[in-house]
Amino acid sequence: MKIKSQLTKIIEQALLDANIEAKNIVISDATKPEFGDYQFNGVMRLAKILKKNPREISNTVIEHIDTTDMIAKVEVAGPGFINIWLNNHWLSQEANSIIDDKRVGVGYVETQKKIVVDYSGPNMAKQMHVGHLRSSIIGDTLATLFEFLGNEVIRQNHIGDWGTQFGMLIAYLEEQNTDGNSQELKDLEQFYKDAKVRFDQSEEFANKAREYVVKIQSGDEHCLRLWQSFINASLGHCEEVYEKLNVNLTRDDVRAESFYNNQLIKVIETLREKNISTTSNGAECVFLDGDETPIIVQKGDGGFLYATTDLSALTFRDKELNADRICYVVDARQAQHFKQVFTIAKQAGMVREDVALEHIGFGTMMDKGGKPFKTRDGGTVKLVDLLNEAVVRAKKTIKDRDIHSQEELDVVAKAIGIGAVKYADLSISRESNYIFSWDKMLSFEGNTSLYMQYAYARIQSILRKHNAEITGNIIIGDEIEHRLTLMLLKFEDTLTKASIDATPHSITAYLYDVVTLFMKFYELNPILKEGIDEETKMSRLQLATLTGEVIKKGLDILGIDVVAKI
RNA sequence: GCACUCAUAGCUCAGCUGGAUAGAGCAUCGGUUUGCGGUACCGAAGGUCACAGGUUCGAAUCCUGUUGGGUGUACCA
């Protein structure tokens, strides 16, 4: 239900009929219930241009607003705000029409786009750590969201599988005589440490490691095979995490750094041809206006850097994947890097002018003391460990409820634990750092996944108790039902905005509003109690059902499961 | 040094891109006709939106400066 665009049309028509010229008009949500459902504030700006009293203009405008269908009434308030109330009859009609809709009333985008979402991007030399959490789940949510709205999404997992460290790793792998599935690779962190120790201790080993770097790059079969088995094992670890996290990344989405390897020299050639890069201190550099330091695209020794790979990836995404929009879900600390790379790519014509290049930056996860999240001894926290702990803690918070079998408990604990971690992350505006707190995220209160899941479970409980067909229509009987119904119909507008701004937290904020309204409604308007007439009961059941569907779909986009019982 | 970014209630965070009396949750205090799941709901209290100027009918939001955090800054990714 595209409510805002419908309202915009109505207001535009009214302005036209009133002979007032206006463009880019914006309808916003009312700031308070007393002010109606929506408001149009644009008249004040118009008043200046027209040199007329804003209230006078507003009064003229509202005379031309069509109040026969969607809008119940309009009012001029304050200095010239136009407040808009929607019609209950219209609201219930719209709500009724989406009760059986799988998409709960959400339509598709007007112009479908091809969107590349680059996210997760783990390093194959190491185990995934908490730093990968945000990229993985924000990226995955955006990908799901774009897709749901009807866009074509290409997920790209730009894994780090290339570089000098792999010489050391495969030399060690060979020495350990393992096949990539063995015990040694179970803990990549430890494997890396052991290899490093060996590297530092033995001159012979170190030389071999360096030799192997060159050998992989020149395509030596033996070394490539070792490398491949190492990557496979490492990717297996990542998939385990994706599985736990409910993140939809598969091997098909992997487009590794190594993939661009033989294209890198072309990047340099293009930059040279177009006189964008110059040689400075032996390295190939791009000097951008306003930057003191250059972006190095080729080292003095001929090696390439990550800017080179990113430029190559951009070329590929434009020329081969034909993307309209490319989103990089990467730590905010790399803002400068992406700004530079994007500028160069456009200058060099590696990417068409009209392709939207976006760095979807996010802040750092902090501990209670406001310091970057680490283990007690200062090491990085492994993502698997964090997720396992989440499930264990979730189990503790629900185990005394005593309504589950052991197997059910496991399923529910997973949905709650993983959901809590994801929701806590996604509900914060993504660019700010956030403080990680188990207590807060596993609370039933406030804007948490548990509050949403609990509301969903209560709704399911009502439906189970009713245990019969639900017929009839939603009939809006009071203010709270009006607000709840409208909120449910705002789902599409919310998703659209979240998709344009790439802000998952606007979805969680919306769901929280939905649930809060539902709880109020539920408190005020009993559904199954005795003495309620059939029509009202059915209407309320329908409203509860629809609320449940919206919660479920909303959480689904966030990659969070709901459960029928908690 | 330069650049970017942030500063909102005791704490954790929103604030829809310039609109009406700045909103939630936690914590605190008080309340809820025998309650469809009370891990719920209602209410109170809590603010110089870091500070100082500017722009205008109107600023937490835009501009300038100051202070204080964070981050990035030539061959790692």
Within segment A:420-441, restricting to residues that are more than 9 Å from RNA strand B (Cβ to nearest atom) and of a type outside the set (Asp, Glu), the one that is nearest to the chain's Cα centre (by Cα) is A:LEU426
Within segment A:145-164, is even one residue polar (S, T, N, Q) and assigned to a helix (DSSP H, G or I)?
-> no
A careful count of residues in segment A:37-56 that are within 9 Å of RNA strand B (Cβ to nearest atom) and open to solvent by 90 Å² or more (accessible area, probe 1.4 Å) gives 2
Hey, A:ARG333 of a type outside the set (A, V, I, L, M), crowded, with 19+ Cβ neighbours inside 10 Å and either under 30 Å from A:TYR434 (Cβ atoms) or over 26 Å from the mean Cα position of the chain (by Cα) (or both) or not = no
Quick one: in segment A:298-312, of everything that is of a type in the set (Gly, Ala, Ser) and in contact with a strand residue (DSSP E or B) (Cβ under 8 Å, 6 or more places away or on another chain), which residue is farthest from RNA strand B (Cβ to nearest atom)?
-> A:ALA307
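Grab the helices (runs of 4 or more DSSP H) fully contained in segment A:446-541, keeping just those with 2 or more residues being out of contact with any Phe, Trp or Tyr (no Cβ under 9 Å at 6 or more places or on another chain) and open to solvent by 30 Å² or more (accessible area, probe 1.4 Å). Steps first, please.
On the way: elements: A:449-466, A:479-489, A:491-501, A:505-524.
Passing ranges, in order: A:449-466, A:491-501, A:505-524.
Give the residues of segment A:58-111 that are within 16 Å of RNA strand B (Cβ to nearest atom), on the phi < 0 side of the Ramachandran plot and surrounded by fewer than 19 Cβ atoms within 10 Å (Cβ to Cβ), sorted by residue number.
To start, the set of residues in segment A:58-111 that are within 16 Å of RNA strand B (Cβ to nearest atom) comprises A:58-59, A:61-62, A:65, A:71-86.
Narrowing further to those that are on the phi < 0 side of the Ramachandran plot: A:58-59, A:61-62, A:65, A:71-77, A:79, A:81-86.
Selection gives A:ASN59, A:ALA72, A:LYS73, A:GLU75, A:ALA77, A:PRO79, A:TRP85.
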Does A:ASP194 qualify as being open to solvent by 80 Å² or more (accessible area, probe 1.4 Å), free of Cβ contacts under 8 Å to residues at least 60 places away in the same chain and more than 19 Å from A:VAL384 (Cβ to Cβ)?
-> no
Going through segment A:7-36 in order, the residues found to be in contact (Cβ under 8 Å) with a residue 24 or more places away in the chain, more than 11 Å from RNA strand B (Cβ to nearest atom) and surrounded by 15 or more Cβ atoms within 10 Å (Cβ to Cβ) are A:LEU7, A:ILE10, A:ILE11, A:ALA14, A:LEU15, A:ALA18, A:ILE20, A:ALA22
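Could you check segment A:272-311 and list, in sequence order, the residues that are among the polar types (S, T, N, Q) and either more than 25 Å from A:THR164 (Cβ to Cβ) or open to solvent by 50 Å² or more (accessible area, probe 1.4 Å) (or both)?
A:ASN275, A:THR278, A:THR279, A:ASN281, A:THR293
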Could you tell me which numbered condition A:HIS466 fails, if it satisfies all but one of (1) more than 23 Å from the chain's Cα centre (by Cα); (2) at pLDDT below 90; (3) not charged (D, E, K, R)?
-> (2)
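Return yes when A:LYS126 is surrounded by fewer than 24 Cβ atoms within 10 Å (Cβ to Cβ) and assigned by TED's automatic domain parsing to the domain that holds A:LYS215 and no when it is not. Before you say what the answer is, go through the steps one by one.
Numbers: surrounded by fewer than 24 Cβ atoms within 10 Å (Cβ to Cβ): yes; assigned by TED's automatic domain parsing to the domain that holds A:LYS215: no.
Considered against the rule, which asks whether it is surrounded by fewer than 24 Cβ atoms within 10 Å (Cβ to Cβ) and assigned by TED's automatic domain parsing to the domain that holds A:LYS215, A:LYS126 comes out as no.
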Considering every residue within segment A:222-230, establish whether at least one is under 35 Å from the mean Cα position of the chain (by Cα), of a type outside the set (Phe, Trp, Tyr) and either over 27 Å from A:ILE115 (Cβ atoms) or crowded, with 17+ Cβ neighbours inside 10 Å (or both).
-> yes
Single condition A:ILE115 does not satisfy, out of (1) farther than 23 Å from A:ALA18 by Cα; (2) not in a strand (DSSP E or B) = (2)
Given (1) β-branched (Val, Ile, Thr); (2) part of a helix (DSSP H, G or I); (3) open to solvent by 50 Å² or more (accessible area, probe 1.4 Å), where does A:VAL384 come up short, assuming only one miss?
-> (3)
Among the residues of segment A:352-381, the number that are closer than 21 Å to A:TYR119 by Cα, under 23 Å from the mean Cα position of the chain (by Cα) and assigned to a loop (DSSP other than H, G, I, E, B) is 5
Condition check for A:ILE138: in contact with a strand residue (DSSP E or B) (Cβ under 7 Å, 6 or more places away or on another chain), under 27 Å from A:ARG210 (Cα atoms) and not charged (D, E, K, R) | no
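Can you tell me which residue among A:THR67, A:THR31 is closer than 18 Å to A:HIS482 by Cα, under 33 Å from the mean Cα position of the chain (by Cα), part of a loop (DSSP other than H, G, I, E, B) and polar (S, T, N, Q)? Talk me through it step by step, then tell me what you get.
Details: A:THR67 fails: under 33 Å from the mean Cα position of the chain (by Cα).
Exactly one residue qualifies, and that residue is A:THR31.
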Checked pairs for segment A:423-438, first free of Cβ contacts under 8 Å to residues at least 60 places away in the same chain, second among the polar types (S, T, N, Q) and assigned to a helix (DSSP H, G or I), C-beta under 9 Å and 6 or more apart or across chains, list as A:ALA424/A:SER449
What number of residues in segment A:136-159 are in contact with a Gly (Cβ under 8 Å, 6 or more places away or on another chain), open to solvent by less than 10 Å² (accessible area, probe 1.4 Å) and not β-branched (Val, Ile, Thr)?
-> 2
Here are some residues: A:THR293, A:THR315, A:THR279, A:THR309. Which one is within 34 Å of the chain's Cα centre (by Cα) and farther than 19 Å from A:LYS346 by Cβ?
-> A:THR293
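Quick one: which of A:ARG393, A:ARG352, A:ARG325 is basic (Lys, Arg), touching a residue at least 12 places away in the same chain (Cβ under 8 Å) and open to solvent by less than 40 Å² (accessible area, probe 1.4 Å)? So that I can check it myself, show each step before the final result.
On the way: A:ARG393 fails: open to solvent by less than 40 Å² (accessible area, probe 1.4 Å); A:ARG352 fails: open to solvent by less than 40 Å² (accessible area, probe 1.4 Å).
None of the other options fit; the residue is A:ARG325.
The values are calculated or read from the model by the stated rules, or taken from the named source; none is laboratory data. Everything quoted here is computed from the prediction, not taken from an experiment. Cβ atoms come from the backbone with ideal geometry, glycine included; neighbour counts cover every protein chain shown. All accessible areas refer to the heavy atoms of the entire protein, side chains included, with ligands and DNA or RNA removed. Shrake-Rupley method; radii C 1.70, N 1.55, O 1.52, S 1.80 Å.
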